[in-house]
Amino acid sequence: MASLKDLKNRIESVKSTQKITKAMQMVAAAKLRRAQEAAEAARPYAQRMAAVMANLSTAMAGTPGASPLLVGTGKTDTYLLVVMTADRGLCGGFNTNIVKKARERITTLQAEGKDVKLICVGKKGGDQLKRQFAKLIVERMDLSGEKTITGATSGKVGEKIRFMFENGEFDVCELVSAEFESVISQKPRAKVLIPAKDAIDEGVERPDLAGAVYEAEPDEEVILNTLLPRYADTVILSALLENVAGEMGAKMAAMDNATRNAGELIDKLNLVYNRTRQAQITTELTEIISGAEAL
Amino acid sequence: MADKLHFDLVSPERRLFAGDVDQVVVPGEEGDFGVLPNHAPFMSVIRPGAIAVLNDGSTERTFIHGGFAEVTPAGLTILAEEAIAVADIDADKLAQDLSDAREDVATAKDEEEREHAEALVAKYEAMQAVLAN
């Protein structure tokens with residue numbers, strides 16, 4: 001049986017762990033609020049961008065000169081999955097769930113006979129995926145250098161993807177990231193980024209033009225071609241922002257649990273400690289009494 | 001009451017302006033254009049420069065770098081890469097930034113670096129042009 005001193009040490013150690021998890025929870029809560037605000041602030045731009053793209057793409061998709069970013073390369077042989085995770089752990093199943101989703105997607109695609117390439121944004125995803133799919137990873141980016149996610153961050157990711165696309169390294173690009181549903185629920189999902197047409201056609205509200213036709217300046221093709229890369233960046237940016245919010249939400253929940261568990265453990269250990277102490281006193285008393293009786 | 005134009009100015013990070021105004025003058029790729037209420041549907045790429053928002057007799061100018069304007073029956077939307085109110089531009093700092101950027105162009109080690117620096121020079125020059133008038 002553990003001695004009293006051991007128990008005391010143990011209780012102290014659990015107490016300090018609890019202090020740490022509590023602090024981490026509070027930090028996560030503060031960061032969550034900021035991340036949520038950032039994600040919300042970016043939403044109008046993304047929505048507007050999607051609406052504009054929807055209008056243009058309908059007009060342009062049928063024409064032969066349409067950008068491959070919009071309509072794709074006409075093949076679906078090689079897939080590029082951009083897996084977005086957090087840079088840090090200690091946020092429950094957040095990273096694992098995203099990686100699991102990515103793994104599922106990779107396996108399905110490979111079963112269909114497609115080539116798969118991976119870009120891992122965020123440290124944790126790369127760490128987990130390299131065990132099984134090290135050969136598929138073409139690039140790993142971590143964001144630990146960036147304090148806040150801005151257009152510049154997503155621009156870097158977007159540039160890399162476009163560069164690969166222009167070199168014909170893949171046909172279809174999908175983002176795997178967490179959708180921020182609420183503080184306690186983040187759902188991993190895969191979303192098509194290139195060809196953009198498929199993504200745009202899904203549930204975007206088109207403004208009612210009342211039958212009028214857009215006039216465009218310089219012309220629609222030029223506009224579309226300047227806009228497409230920017231659209232991709234915007235989608236990446238909002239995915240990144242949502243991911244940060246999701247990470248913080250998951251971390252908050254995980255740390256809340258940890259704090260509660262630590263509390264329970266402390267209660268239990270205290271009970272054992274008191275019982276052991278009582279037992280020791282009783283034993284000592286019995287020894288003294290029986291000693292006195294023997295005299 | 002005269003009609004008002006609904007105007008949204010959004011950048012990737014946040015919404016900068018949303019409200020009803022009298023008129024907005026936008027520097028389009030192929031020349032400035034003014035947008036009044038009930039403008040026909042129209043879209044244009046924006047060249048770096050200042051938009052002027054006219055409302056109730058006052059004019060507010062905002063520097064826009066890289067962006068896109070869309071007019072729908074619902075109003076005008078400007079998607080700007082970067083936006084800063086002209087009143088907030090610091091002329092001294094701008095001059096400093098510009099000379100720094102020019103220096104960078106001169107000392108750039110490779111093509112990519114130079115392109116980046118040149119883009120900055122172009123942007124700062126556009127900002128100065130806006131300040132000048």
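Quick note: the coordinates plus some simple rules give every number you see, no bench work behind them. Since we're looking at a predicted model, the values are computed, not measured. Every residue, glycine among them, receives a Cβ derived from its backbone with ideal geometry; neighbour counts consider all protein chains shown.
Data overview
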quantity	calculated
15 Å reach of a label modelled at A:Arg33, 7 Å along Cα-to-Cβ, counting backbone N of region A:228-251	A:249
Charge tally in the Cβ shell below 9 Å around A:Tyr273, where Lys, Arg are +1 and Asp, Glu are -1, A:Tyr273 excluded	+4
A:Lys130 versus A:Glu181: modelled label distance in nm, points set 7 Å from Cα along the beta carbon direction	3.2
At R0 = 30 Å, FRET efficiency that the Cβ-Cβ distance of A:Ala111 and A:Phe163 yields, to 0.05	0.55
Other-chain or far-sequence residues with amide H under 5 Å of A:Leu143's (modelled H)	A:Gly122, A:Lys123
Max mean-square fluctuation residue, GNM over chain A, Cα-Cα springs under 10 Å, options A:Ala134, A:Ala29, A:Ala279	A:Ala279
Nitroxide proxy distance, nm - points 7 Å out along Cα→Cβ at B:Ala122 and A:Asn9	6.8
Shielding by partners, peptide B:70-77 (average Cβ within 10 angstrom, other chains)	5
Net dipole in debye of the protein assembly as shown [+1 Lys, Arg Cβ; -1 Asp, Glu Cβ; about Cα centre; nearest 20]	2940
Within a Gaussian network of chain A (alpha carbon springs, distance under 10 Å), most fluctuating of A:Lys130, A:Lys268, A:Lys100	A:Lys268
Phi-based couplings in Hz for region A:246-259 (Karplus 6.51, -1.76, 1.60; Gly and Pro marked x)	x, 4, 5, x, 5, 5, 4, 5, 5, 6, 4, 4, 4, 4
Within straight-line cross-link reach of A:Lys135, lysines at Cα separation under 25 Å, skipping those fewer than 8 residues along the same chain	A:Lys75, A:Lys100, A:Lys101, A:Lys114, A:Lys117, A:Lys123, A:Lys124, A:Lys156, A:Lys160, A:Lys191
Residue among B:Pro73, B:Leu131, B:Ala101 farthest towards the positive dipole end of chain B, charges placed on Cβ	B:Pro73
Helix A:123-133 axis, angle to chain A major axis (alpha carbon atoms, nearest 10°)	80
Extended-chain gain in nm, criterion 0.36 nm per residue less alpha-carbon gap, A:Glu40 and A:Ala294	83.2 nm
Within chain A, helix-based [θ] at 222 nm, where runs of 4 or more DSSP H residues each add -39,500 (n - 2.57), nearest 500	-22500 deg cm²/dmol
Simple label model, 7 Å out from Cα along Cβ direction - A:Asn225 to A:Lys191, nm	2.7
A:Glu287/A:Ala23 FRET efficiency (R0 35 Å; Cβ-Cβ; nearest 0.05)	0.15
Ranked A:Val71, B:Val71, criterion: other C-beta atoms within 10 Å, fewest first	A:Val71, B:Val71
0 to 90° range, to nearest 10: angle between helix B:91-107 axis and chain B longest Cα axis	50
Inter-chain Cβ neighbour average for residues A:216-228, partner chain, 10 Å	3
Selection from A:Thr21, A:Gly151, A:Val138, by position along the positive dipole direction of chain A (Cβ)	A:Thr21
